1. Those residues that are closer than 19 Å to residue 83 by Cα, hydroxyl-bearing (Ser, Thr, Tyr) and part of a helix (DSSP H, G or I), I need them from the stretch 107-136; list them, please.
2. Regarding the stretch 38-50, can at least one residue be identified that is more than 30 Å from residue 12 (Cβ to Cβ) and at pLDDT 90 or above?
3. Taking the condition of being assigned to a loop (DSSP other than H, G, I, E, B) and either of a type outside the set (Gly, Ala, Ser) or on the phi > 0 side of the Ramachandran plot (or both), how many residues in the stretch 83-99 meet it?
4. Looking at the stretch 90-104, which of its residues are of a type in the set (Gly, Ala, Ser) and farther than 20 Å from residue 68 by Cβ?
5. Does residue 41 satisfy being farther than 29 Å from residue 200 by Cα and either surrounded by fewer than 16 Cβ atoms within 10 Å (Cβ to Cβ) or touching a Phe, Trp or Tyr at 6+ places or on another chain (Cβ under 7 Å) (or both)?
6. List pairs: first in the stretch 1-30 and farther than 21 Å from residue 49 by Cβ, second assigned to a loop (DSSP other than H, G, I, E, B), Cβ under 8 Å, 6+ apart or cross-chain?
7. Working carefully through the options 168, 146, find the one that is touching a helix residue (DSSP H, G or I) at 6+ places or on another chain (Cβ under 6 Å) and either surrounded by 14 or more Cβ atoms within 10 Å (Cβ to Cβ) or on the phi < 0 side of the Ramachandran plot (or both).
8. Taking the options 158, 139, 75, name whichever one is assigned to a helix (DSSP H, G or I) and modelled with pLDDT under 95.
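The values are calculated or read from the model by the stated rules, or taken from the named source; none is laboratory data. All of these numbers come straight from a predicted model, not from anything done at the bench. Here the Cβ positions follow ideal geometry from the backbone for every residue, glycine too, while neighbour counts run over all protein chains shown.
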Amino acid sequence: MANPQLMAEYSALIDAFNDRNLHDPNVIARLESFEASVIWSTIILCRQVSGVSNGSQGQNYDLMIAASRLSVIEALITGDHLDTNPLAQFPPPPANSTTLPDKLAQRSFEFWSTVGHFLTLHDNEASSAKELDDTLARARTVLDTFENRDVIYSIAIARHLGQRWADFPHSFPQPITTSEKDAGAKLYVAQKFLEQEASGQGTTQVIKRICGMVVRSWYISRE
């Protein structure tokens, strides 16, 4: 509420939703682009306020975690690497707890920390090849049917494997097996999933627009 620019953008977005020409593909394309911009501006609020003090307890832990996750998402989408894992500065939740909330928190932390580590590894370094594959395999074990994790994991797969095919995303080897060990199958599933989420199957507008950003980035980077 303290960000007048973002509030104005939300107001304009609400007006755009009421456009009489929403059936027009060009209008829809402009709306989706504008919506993606507003969503991203909202996401980065956590970074803008992550340094706000929380009384005598110092920085707000949840905001710091959110800002670290934002750094992961940002690097993942833009194709950048991270010098260090942003999640490494935080102690993991207790692994020996038997309560469901603690178990869920532990697996969530493990997933994000694993993806953060993935982004510190470079594909052009032969010594990292096995570690990259092992890191992605570890992330897959903690997806837990969460849509956002499926999306993030698929982005990482497309980023890691897509560069191996010169004409990706325009063409890539059709999978002859559904085995998770087959690189072509993994890339095929990741690309189709992200494209379908972007085209309307995502359960939230945030998911749809994030996937749209990723899909557009593939084609822009190949132009």
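1. Scanning the stretch 107-136 gives 113, 114, 127, 128, 135.
2. No, the conditions are met nowhere in the stretch 38-50.
3. Residues that pass the stated criteria total 11.
4. 97
5. No: the conditions fail for residue 41.
6. Filtered contacts from the stretch 1-30: 27/19; 27/21; 28/22.
7. Of 168, 146, the one residue that is touching a helix residue (DSSP H, G or I) at 6+ places or on another chain (Cβ under 6 Å) and either surrounded by 14 or more Cβ atoms within 10 Å (Cβ to Cβ) or on the phi < 0 side of the Ramachandran plot (or both) is 168.
8. Residue meeting the stated conditions: 158.
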